1. Set Lys and Arg Cβ to +1 and Asp and Glu Cβ to -1, take the dipole of the chain about its Cα centre, and tell me which of LEU56, PRO25, TYR40 lies farthest positive.
2. What accessible area per residue, rounded to a whole number of Å², is obtained for the chain using a probe radius of 1.4 Å?
3. Could you tally the net charge around GLN26, taking each other residue with its Cβ under 14 Å from the Cβ of GLN26, Lys/Arg +1 and Asp/Glu -1?
4. About its Cα centre, what dipole magnitude does the stretch 1-62 give when the only charges are +1 on Lys and Arg Cβ and -1 on Asp and Glu Cβ, stated in debye to the nearest 20?
5. Let me see the P(r) profile for the chain: every Cα-Cα distance counted, bins of 5 Å, each bin given as a percent of all pairs.
6. Could you look at the chain and say what percent of its accessible area is carbon and sulfur, using a 1.4 Å probe and all protein chains?
7. Grab the Cα-Cα distance for ASP62 and LEU20, subtract it from 0.36 nm times how many residues apart they are, and report the gain in nm with one decimal.
8. Is the C-alpha gyration tensor of the stretch 30-71 telling us rounded, prolate or oblate? Criteria: a/c under 1.5 is rounded; beyond that, a/b larger than b/c is prolate, otherwise oblate.
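The values are calculated or read from the model by the stated rules, or taken from the named source; none is laboratory data. Bear in mind that the values here come from a model prediction, so they are computed numbers and not experimental data. Glycine gets a Cβ as well: all are built from the backbone with ideal geometry, and neighbour counts include every protein chain shown. In case anyone asks, the SASA skips ligands and DNA or RNA and just uses the protein heavy atoms, side chains included. Shrake-Rupley method; radii C 1.70, N 1.55, O 1.52, S 1.80 Å.
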Amino acid sequence: MSQEQLEFVTYCIGNLSQRLGQPQPQVYNELKQSGILYGYIVPGYDVLHTFGKDYLMDDLLDCMREKGLIA
């Protein structure tokens with residue numbers, strides 16, 4: 001993982017944590033265990049990092065819903 005990808009992952013986790021009202025370690029673990037982190041966020045960095053914050057967070061929340069992580 002490149003430095004840019006790492007910073008982006010950190011950004012995603014921090015913002016998802018705020019939107020969900022959950023601690024960052026919990027969000028990280030859920031993303032990692034569900035495959036979203038290394039199956040979607042990291043490989044999709046080139047496209048995902050061009051999205052606006054609200055659109056990106058909505059997209060990631062949709063992914064989490066699809067995986068059954070949130071209602």
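1. My answer, from the dipole projection, is PRO25.
2. 60
3. Residues near GLN26 contribute +1 overall.
4. 180
5. Histogramming the chain at 5 Å steps yields 3, 18, 33, 30, 14, 2, 0 percent.
6. 50
7. Here the segment from ASP62 to LEU20 would lengthen by 13.9 nm.
8. oblate
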